[in-house]
Amino acid sequence: MKFFEELKNRNFYKVATAYVVSAWLIIQVVGTMGSNLNWPDSVAALVTKILIVGFPISLVLAWIYELTPQGFKRTGNSQADTNENKKVGRRLNQIIIGLLALALTLVLAERLFFTGVLSGIYSNEATIAVLPFKNDSPEEKNTYFCNGITEGVRENLSKIPSFSVISRTSVEQYRENPLPVAEIAKELGVNYVLEGSVLRLENRSMIRARLIFASEDRQMWSQEYDRELEDIFAVLAEVTKNIAEELETNISPEVLKNIEERPTEDLTAYDYYLQGREHMNIYGIGSNKNDLEHADHLFQRALALDTAFAKAFVERTVIFREKHQYEFYNNERLVDSMLYLCNKAISLDPNLADAYWVRGAFYDDFLYDIPRAMEDLNRALELNPSHVGTIGQLAVLNWVHYRKIISALRLYRKLEKLEHSPRVLYSAYITMSQLYWDLWEHEKGYYYLDKAITYNTGLNGLKAWYYVQQGRYSEAVTLIENTGNLAALGFFHLLLEDYEKALQYWEAWELKVAAEGVQGIDELESWHRYGQVLAGLGREEEAKAMMQKQLDLNEKLLVYYQRAHLVYYESAGIDSFLGDKQQAIVYLRKFDSINRWDDGKLHFIQRDPLFDNIREDVEFKEIVTRRLEENKRIREEIARLEAAGEL
């Protein structure tokens with residue numbers, strides 16, 4: 001008992017307790033900071049080893065030395081329970097209590113602050129870039145097979161909701177221009193990179209894959225699969241499941257079933273399909289119709305061998321659209337044919353995301369059946385949460401047709417994260433610019449417009465339209481005066497009330513239309529602006545004739561082109577201009593009911609001279625005020641979400 005009493009007198013237990021608490025605190029700090037700042041795992045391991053080795057040393061020192069008000073001094077053979085030792089013991093108690101309080105503070109700080117703040121900067125979200133696999137086959141012609149395997153892995157990973165997988169077009173740039181993994185990850189904003197190679201020899205394939213934690217350039221997982229070709233679909237599923245397991249991600253039974261689904265039982269048909277996909281990818285780069293024809297031929301050969309090959313039906317649908325996209329309007333045969341191909345694919349494979357995407361896009365672009373389009377596109381996104389085509393189309397529909405601005409912004413932010421190809425980003429930035437501009441967020445509107453201009457400098461027309469909405473008509477003219485856009489120049493000079501100059505442009509435009517015919521939608525919806533110029537010059541009868549011509553064309557726009565959002569706006573303006581205030585309000589109500597206040601209409605209607613005759617009308621004011629207040633609420637909600645880091 002004397003030995004244990006001596007341990008107590010020398011404050012041995014208290015030193016041990018203080019050391020353990022201090023060591024725990026240090027390990028927690030290193031662990032928290034290391035995981036959030038991506039320190040190497042070796043740092044935490046080294047600190048832990050040092051603290052373990054230090055523990056017995058501290059106990060030996062506690063036995064040999066004592067802490068006194070005069071500092072450390074060597075103890076004798078027996079340490080008496082003196083008042084001085086009691087004071088030291090109380091001091092150690094205070095230290096232990098302080099360390100425990102600090103430990104509790106650290107735990108709370110980690111839960112409340114570090115997890116929310118640091119993880120927001122150094123995200124642990126599984127963002128993955130699947131780089132083009134290397135073709136190790138002795139024959140260069142097997143590149144299509146290697147690319148098909150890469151795409152199969154990417155598609156399977158994209159089906160897992162907790163993964164964000166970068167698009168094929170974003171990583172294609174590294175095929176011929178390889179960079180260090182850390183640089184690629186930084187450019188694409190990912191934390192994991194998947195590399196691989198494919199060797200094909202007769203009826204066997206050897207697939208190697210390795211997953212890299214990008215910030216450390218550290219290999220997390222690698223595997224080699226040497227199998228018969230008939231096992232290729234099982235290998236693709238295994239790669240996906242192994243990566244999910246490595247990243248501690250659970251796959252739901254529904255998603256797992258979709259990943260393990262065999263698209264065809266005929267390997268020759270699958271080979272034709274992969275060759276066709278290769279030609280489609282080449283067509284996507286160069287738009288050479290020969291590649292389209294080759295692809296169509298190969299998909300037809302695949303379907304000849306397997307009439308239940310849903311993916312081949314989808315590809316034929318895409319080709320059909322590319323070949324005939326300018327002939328669909330008012331052509332029921334072509335519409336029925338494309339819908340047949342889409343419906344056939346979905347009937348064969350109800351879990352094929354691409355089929356829902358293609359059909360949803362067709363409902364939107366050609367049949368203007370927005371509810372069905374939304375249903376199909378939402379289903380496609382459910383099946384493949386990283387499908388950039390679906391994300392982009394849904395963003396537009398949420399903004400334009402449903403005024404779900406915040407939903408649209410979330411989708412665009414996701415698209416910006418997953419897609420890095422100039423063509424897609426250019427289009428997305430233009431739309432985001434217009435979206436913010438419609439909310440009267442000028443700074444953000446110009447910000448995204450400038451980002452779009454980095455890909456294409458020919459956007460003076462859109463910037464000029466922004467100027468017009470602000471009443472900066474002269475600046476708008478200056479921006480486009482050398483573009484040859486006769487209709488826009490005539491319109492802008494009309495707004496400046498420079499009718500003589502405006503007439504010159506409109507007459508030149510009329511001659512151009514007569515010589516070249518209708519080249520686009522502008523030739524069908526601009527005649528009333530020409531009429532305004534004539535009215536400004538006192539040529540009333542000619543002005544009325546032009547206005548009537550536009551009203552007649554509006555019927556065509558409504559029936560054949562489904563342009564109700566333009567027809568109702570312009571018809572309301574024309575009737576207002578002609579003095580039929582009652583009919584003008586009727587059309588304005590119709591326009592408001594379809595919810596298409598995009599493209600700056602809400603701002604321009606407050607300046608548009610077409611509406612001068614009804615500007616003081618009570619219902620006109622009520623509609624405009626209600627929409628302006630709605631925009632204000634949306635702006636405030638966006639600001640709140642952005643401040644909270646939720647958007």
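Computed from the coordinates by the stated procedures, all read-outs in this text should not be read as laboratory data. Just so it is clear, the structure is predicted and the values come from calculations on it, not from any experiment. Glycine also receives a Cβ, built like all others from the backbone with ideal geometry; neighbour counts cover every protein chain displayed.
Listed values, structure above:
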quantity	calculated
Integer Hz, Karplus 6.51/-1.76/1.60 couplings in order for the range 190-196, x for Gly and Pro	10, 10, 9, 10, 10, 10, x
Table column - 3J(HN,Hα) (Hz), the range 442-449, Karplus curve with 6.51, -1.76, 1.60, x for Gly and Pro	4, 4, 6, x, 5, 4, 6, 5
Peptides 425-431, 160-166 ordered by average Cβ neighbours within 10 Å, highest first	160-166, 425-431
In the range 408-456, the trypsin sites (Lys or Arg not before Pro) that fall in loop regions by DSSP, at most 10 other Cβ within 10 Å	none
Net charge of neighbours whose Cβ lies under 10 Å from the Cβ of Val396, counting Lys and Arg as +1 and Asp and Glu as -1	-2
Protection-proxy order for peptides 289-297, 484-492, 464-472, 248-256, each taking the mean of Cβ atoms within 10 Å per residue, highest first	484-492, 464-472, 289-297, 248-256
Dipole in debye (nearest 20) - the range 261-373, about Cα centre, beta carbon charges: Lys, Arg +1; Asp, Glu -1	100 debye
Net dipole in debye of the range 383-501 [+1 Lys, Arg Cβ; -1 Asp, Glu Cβ; about Cα centre; nearest 20]	700 debye
Residues with amide H under 5 Å from that of His420, placed H, sequence gap 5 or more	Ser167, Ser170
Listed residue pairs exceeding 30 Å between alpha carbons, taken from Lys501/Lys549; Lys549/Lys590; Lys159/Lys463; Lys289/Lys549	Lys159/Lys463; Lys289/Lys549
Qualifying GluC sites (Glu not before Pro) in the range 143-223, DSSP loop, other Cβ atoms within 10 Å at most 13	Glu176, Glu202
Positive-end extreme of charge dipole, the range 287-410 - chosen from Ala302, Asn351, Met338 (charges on Cβ)	Asn351
Charge dipole (debye, nearest 20) of the range 571-647; +1 at Cβ of Lys and Arg, -1 at Cβ of Asp and Glu	20 debye
Vicinal HN-Hα couplings computed from phi for the range 420-431 (Karplus, 6.51 cos²θ - 1.76 cosθ + 1.60; Hz; Gly/Pro x)	10, 6, x, 4, 6, 5, 4, 5, 5, 5, 4, 5
